[in-house]
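The values are calculated or read from the model by the stated rules, or taken from the named source; none is laboratory data. Values in this document were obtained by computation on a predicted structure and should not be read as measured data. Here the Cβ positions follow ideal geometry from the backbone for every residue, glycine too, while neighbour counts run over all protein chains shown.
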Amino acid sequence: MRAMPVSVLLVDDDPGFRDLAGRMLTALGLDVIAQVDTVSAALAAAADFQPRAALVDVGLPDGDGVELAAELSALPWRPRVVLISSDPDVTTPAEARAAGAIDFLSKTDLPTGILRRLLTGSD
């Protein structure tokens, strides 16, 4: 029996990046169940779809992605959250983990293959 793909909520305010990241996640065998651009939309989508993972930009127009990571990771089903940013100095992996995220990656590091492992918890 084949395992169901991991469902991922994609949160980024740049539509071009959301499209690119969505295609990349799908190519990795993940199921992008929603793409949103704000903290409020992310919280609503998480409640509606209960994703197993979330890829969250740190800089969002209506709030802080680090705080969103804390809220998402505290949900009852405990989704795996990976924080991302085009600014590699906006936060650190340690700060991301302290907020409940699995890790923090620069957007330039996303194609390296580590992303699938972080979002799924497996190789």
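Looking for whichever is modelled with pLDDT of 95 or more, among the small types (Gly, Ala, Ser), under 11 Å from the mean Cα position of the chain (by Cα) and surrounded by 13 or more Cβ atoms within 10 Å (Cβ to Cβ) here; the options are 73, 40. Which one fits?
73
Right, residue 21: small (Gly, Ala, Ser), free of Cβ contacts under 8 Å to residues at least 12 places away in the same chain and either within 22 Å of residue 121 (Cβ to Cβ) or surrounded by fewer than 13 Cβ atoms within 10 Å (Cβ to Cβ) (or both) or not?
Spelling it out, it is not the case that residue 21 is small (Gly, Ala, Ser), free of Cβ contacts under 8 Å to residues at least 12 places away in the same chain and either within 22 Å of residue 121 (Cβ to Cβ) or surrounded by fewer than 13 Cβ atoms within 10 Å (Cβ to Cβ) (or both).
Name every residue in the stretch 89-107 that is surrounded by 15 or more Cβ atoms within 10 Å (Cβ to Cβ) and of a type in the set (A, V, I, L, M, F, W, C), in order of residue number.
Within the stretch 89-107, 90, 96, 99, 101, 102, 104, 105 qualify.
Among residues belonging to the stretch 114-123 that are assigned to a helix (DSSP H, G or I) and touching a residue at least 24 places away in the same chain (Cβ under 8 Å), point out the one that is farthest from residue 26 (Cα to Cα).
We begin by selecting, within the stretch 114-123, every residue assigned to a helix (DSSP H, G or I); these are 114-120.
Then keep just the ones that are touching a residue at least 24 places away in the same chain (Cβ under 8 Å); that gives 115-116, 118-120.
Working: 115: 12, 116: 10, 118: 15, 119: 12, 120: 13 Å.
Top of the filtered list is 118.
Taking the stretch 108-118, which residues are surrounded by 15 or more Cβ atoms within 10 Å (Cβ to Cβ) and over 20 Å from residue 46 (Cβ atoms)?
Within the stretch 108-118, the subset surrounded by 15 or more Cβ atoms within 10 Å (Cβ to Cβ) is 110, 115-116, 118.
Correct list: 110, 116.
Give the stretch 76-88 a look and list any residue that's within 19 Å of residue 44 (Cα to Cα) and surrounded by 20 or more Cβ atoms within 10 Å (Cβ to Cβ), or say none.
Those that are within 19 Å of residue 44 (Cα to Cα) and surrounded by 20 or more Cβ atoms within 10 Å (Cβ to Cβ): 79, 80, 81, 82, 83.
I want to confirm something. Restricting to the stretch 1-18 and keeping residues that are surrounded by fewer than 19 Cβ atoms within 10 Å (Cβ to Cβ) and in contact with a Leu (Cβ under 7 Å, 6 or more places away or on another chain), which single residue is modelled with the lowest pLDDT?
5
Report, ordered by the first and then the second residue, all pairs with beta carbons closer than 7 Å, sequence separation of six or more or different chains, a first member in the stretch 28-52 that is at positive phi, and a second member that is part of a loop (DSSP other than H, G, I, E, B) and not charged (D, E, K, R).
Taking only residues 6 or more apart or on different chains, the pairs are 29/5; 50/77.
Where residues in the stretch 98-113 are more than 13 Å from the chain's Cα centre (by Cα) and free of Cβ contacts under 8 Å to residues at least 40 places away in the same chain, which of them is nearest to residue 67 (Cα to Cα)?
Restricting to residues being more than 13 Å from the chain's Cα centre (by Cα) and free of Cβ contacts under 8 Å to residues at least 40 places away in the same chain, the top hit is 99.
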